[in-house]
1. Taking the criterion of being touching a residue at least 60 places away in the same chain (Cβ under 8 Å) and open to solvent by 50 Å² or more (accessible area, probe 1.4 Å), would at least one residue in the range 17-26 satisfy it?
2. So D329 clears everything in (1) under 26 Å from the mean Cα position of the chain (by Cα); (2) without any contact (Cβ under 8 Å) to a residue 40 or more places away in the chain except one condition, right? Which one?
3. Of everything in the range 362-378 that's in contact with a helix residue (DSSP H, G or I) (Cβ under 9 Å, 6 or more places away or on another chain) and not hydrophobic (A, V, I, L, M, F, W, C), which residue is least open to solvent (accessible area, probe 1.4 Å)?
4. Please list, ordered by first then second residue, the pairs with beta carbon atoms under 7 Å, 6 or more apart or interchain, first in the range 50-75 and of a type in the set (G, A, S) and modelled with pLDDT of 95 or more, second exposed (fewer than 14 other Cβ atoms within 10 Å of the Cβ) and assigned to a loop (DSSP other than H, G, I, E, B).
5. So E351 passes all but one of these: (1) within 26 Å of L127 (Cα to Cα); (2) outside any loop (DSSP other than H, G, I, E, B); (3) charged (D, E, K, R). Which condition number does it fail?
6. If you go through the range 227-283, how many residues are more than 18 Å from S129 (Cα to Cα) and under 12 Å from the mean Cα position of the chain (by Cα)?
7. Restricting to the range 109-129, name every residue that is open to solvent by 30 Å² or more (accessible area, probe 1.4 Å) and either modelled with pLDDT of 95 or more or over 19 Å from A286 (Cα atoms) (or both).
8. Mind listing whichever residues of the range 174-199 are more than 21 Å from K261 (Cα to Cα) and surrounded by 14 or more Cβ atoms within 10 Å (Cβ to Cβ)?
Amino acid sequence: MYIERSLDLINVLKKKSCFLFGPRQTGKTSLIRHSLAEHRIYNLLDSEIYLKLSRAPSRLREECRSQDKIIIIDEIQKLPLLLDEVHFLIEEKGIHFLLTGSGARKLRRGGVNLLGGRAWTRHLYPLTSAELKEKFDLVKALNHGLLPSIYFSSSPEDDLQAYVGTYLREEIAAEALTRNIPAFSRFIEIAALCNGQLLNYAKISNDAQVARSTVQEYFQILKDTLIAYELTPWKRSFKRKPLSTSKLYFFDCGVARYLQKRSSVRPGSPEFGELLETFIFHELTAYCDYHGTLALNYWRSKSGFEVDFILDSKIAIEVKATKTVSTQDLKSLKILKEEGRLRKYILVCMEKETRNVDGIEIMPIDIFLKKLWSCKLV
């Protein structure tokens, strides 16, 4: 079953070449096969194609036909030296390339040709509520995550275990991103427990029993392989001095929960609220990227007031997994609203109806998601 994705690759490639990055199993190959099947595709996971091009990268140039306007190279990080040929064909033939991979770390580390601004970068995320439509189930998304193969799996726990194992074995070990796989494995489990929290390298270093410099290197690996994201603080408040520390979010609720070694979460539990915040982060991040790289931040004052997300320096969004919003739940939004810097203030929750309290919109999750993806929030 193919789910139509929000990322419009055809429109992107009409304008310019593009690097398409995304974690394993987000559906990059399926998206290509569905929307770009009529174009020439080189899948470097195919050993025959890989060997042919690794022995003679110029074959890429030699096999180009006059009618080739778009060419796809899947898993470009497997053969970075092809980028010189890609560069030539962009310049001399005007061909637009789609170059996919799970991240740019290996490309950057090898000092290879990254096309010098001749290609945009786009990301493909796990499925979103807008893509799933009537197939979207919030509790299922929070527990199993939104990777297509796992969301629709009949054995999601087994598949999550296999996914984490494949990531450690193939993404980390095979690409030699670090030599100490056991230490990295311990680290990633501890990092998952910090999901949605302020980054504290010293504490994680102590818990993981590795040097602080190593922890910082490991976090960079998580970010470069798109398994985790750093959410930077919004610093435009005047009355209350903001923190400058970033927060960490894993890319998928199911992967985060599995690494935390938690059983299924249920509405009403503290764990449900934590994963709900991660899910909203995923939806906002995907929306920002698919709609022109809008900015996403969070705000926290040094006195401890915090708002989960600031969208494009226009909208403050707080997430609460409560069915009845209290005055206390609104406190941080009210404090931030006093700054008068933003257009809207929204509290996303489990209530059934939308209402307004002192200029703050209390919005059910389903209504928030529909407004977000129909571009009616910004």
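1. Taking the range 17-26 and keeping what is touching a residue at least 60 places away in the same chain (Cβ under 8 Å), we get 17-26.
In the following step, the residues that additionally are open to solvent by 50 Å² or more (accessible area, probe 1.4 Å) were identified as 24-25.
Within the range 17-26, one or more residues are touching a residue at least 60 places away in the same chain (Cβ under 8 Å) and open to solvent by 50 Å² or more (accessible area, probe 1.4 Å).
2. It fails just one condition, (1).
3. Once the filter is applied, the top-ranked residue is S374.
4. Cβ pairs passing all conditions: none.
5. (2)
6. Summing the residues that are more than 18 Å from S129 (Cα to Cα) and under 12 Å from the mean Cα position of the chain (by Cα) in the range 227-283 gives 7.
7. Passing the criteria: R109, G110, G111, V112, N113, L114, G116, G117, R118.
8. Residues satisfying the conditions are E175, L177, T178.
The values are calculated or read from the model by the stated rules, or taken from the named source; none is laboratory data. Values in this document were obtained by computation on a predicted structure and should not be read as measured data. No Cβ is skipped: glycine too gets one built from the backbone with ideal geometry, and neighbour counts run over all protein chains shown. Accessible surface is based on the protein model in full, side chains and every heavy atom, while ligands, DNA and RNA are left aside. Shrake-Rupley method; radii C 1.70, N 1.55, O 1.52, S 1.80 Å.
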